[in-house]
Structure formats: structure tokens, C-alpha cells
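Comments concern the structure below.
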Amino acid sequence: MTRRSRMALERLARMELILDSAEKLFVEKGYAATSINDIAAEADFSRTSIYQYFSSKEEIYLHILERYTEPLTERLEQATADAPTVPDKIRAFLDELRKMKSEKSNFFELYFIQRSQVEPRLPDDLRTQLNAKRRRLENVFREFYREGVEKGEIRAIREKDASNLFFAQIMGMMLLHEFYGNEFDVTLDEHLEMSLQLYLEFVEKLEGVQGRLWAGAGAA
């Protein structure tokens, strides 16, 4: 191994340590309550050293999300590619989200709960990066839904509306359980199954009023 290669690996290892430390603090304390000094102390770095690797706390947050969104998007693409029909793809899509939440609980916390704390603080370039990552994940759903409409498998509404309805229903249920789960007499999995069945009943209903209801809806 050359000296340059060794230095590159050492730099990458330090960056990963910083990201691990920041992720731990963001989950424990919340994004807003965590400072660069906190991250530096957790990682056993100086504040100045942190800035040798990341320009801001916002950039650190984006890199943490990237560690989750890239593999999740790939998993969603693979899981839905082999499903024979669009309803099967929707179920496979949800199954992967549930697995990700179970395997990487921090992802749900950081992406769906704390993101509202972060986005207003982002400069335009980083906000653009964050939205691009979100769109790539959502576009997996939108693409197979569009194909399903073309094949006549499902209700002919715009794929962006179908995607927004799905995420609002599923992620809304996850958020309810995150904050009020102890008040429910059914599990999150049971509620997600109910939500999925309601959604599938809607998108599989081809007769009657279809796209006319959504033709004038605005973009998300």
C-alpha cells in the first residue's frame, strides 16, 4: 500500500468516526441540541480537527443520511424489481422500509423526525442535495406506479400523487407509534398492514371516478 493510499484510508476512518459520533448524539440529544463541540468531544477530536473533514454540522447530517439512503434505495430497487404486479411491488416496498426501520432505527429518527429541525438551517446547495436524495428514494415508487398505470393494473392517478399518499399514510402511522405507541392496543406492524390494505384497495379500484379527481392537483 502506498503512503497516499494509507493516508486516504486513515482520513476515511476519521470521517466515519466523526459520523458515528454525530449520529449517536443526534439520536440521544437531538440535532438542534448537539453542537460541533459535542461531536468533537464524543469523537475525541478537537473542534478545529472536525472542520478539516466537514464544513458544518449540516454537512455532517447529510453524510449520515447518505449512509442510509443510498443502500436503502438500492434495496428498494432490488426488492420491487422481481415483484410481478404493482400491488406486489408496493408490498415489497413497504416490507423493505419496515426492515430498514428494524435494522437501522436511527435512520427513521434522523430522516423522518429530525429532518424538520435540519432543513431550515441548510444553505441552498445542501438543501438541493437533501431533496435529491429524497426524490431518488421516492422515484423508485413513482416509476413502478407509472408503469402500472400504463399497463392498466392500477388506478390512473399521477405517480407523484400516488407516492405522496403512500408515504403520508405509512410514515404518518410510523410517527404516530413513535410518539403515542403506548396508547395503542395494536402493534405498529398491525397498523401498517391495515394502512397498506386501505391503500391497495384504493389504487386497485379501477372503476368509477379515477384520474379526474387528481388532474388538477398540485405537485409535491
In this structure, among 101/205; 24/101; 89/205; 99/205, pairs with alpha-carbon gaps over 19 Å are 101/205; 99/205
A correct Stokes-Einstein calculation for the chain, using the alpha-carbon Kirkwood radius, 10 °C and 1.306 mPa s, returns a whole-number D in µm² s⁻¹ of 81 µm²/s
Assertion target for 38, 125, ordered by fewest C-beta neighbours within 10 angstrom first, is 125, 38
Across the alpha-carbon set of region 93-174, Rg over Rh with Rh taken as the Kirkwood radius works out to 1.02
The orientation-averaged projected area of the Cα convex hull of region 1-54, in nm², is 3.7 nm²
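Hydropathy at least -0.5 by Kyte-Doolittle, axial extent at least 24 angstrom from the Cα trace: which helices of the chain, defined as entire DSSP H runs, fit?
Length and hydropathy pass: 3-29, 159-180.
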Computed for region 62-169: size of charge dipole around the Cα centre, +1 on C-beta of each Lys and Arg, -1 on C-beta of each Asp and Glu, debye to nearest 20, value 280 debye
Sorting 202, 92, 35 by the position of each Cα along the dipole of the chain (Lys, Arg +1; Asp, Glu -1; all at Cβ), the one nearest the positive end of that ordering is 35
Partner aspartates and glutamates whose C-alpha sits under 16 Å from that of residue 151, ignoring same-chain residues fewer than 8 away, are 88, 143, 159, 204, 207
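Here, each number is a calculation from the coordinates, and none is a lab measurement. What you see is a predicted model; the values in this text were computed from it and never measured. Using ideal geometry, Cβ is built from the backbone for each residue, glycine included, and neighbour counts are taken over all protein chains shown.
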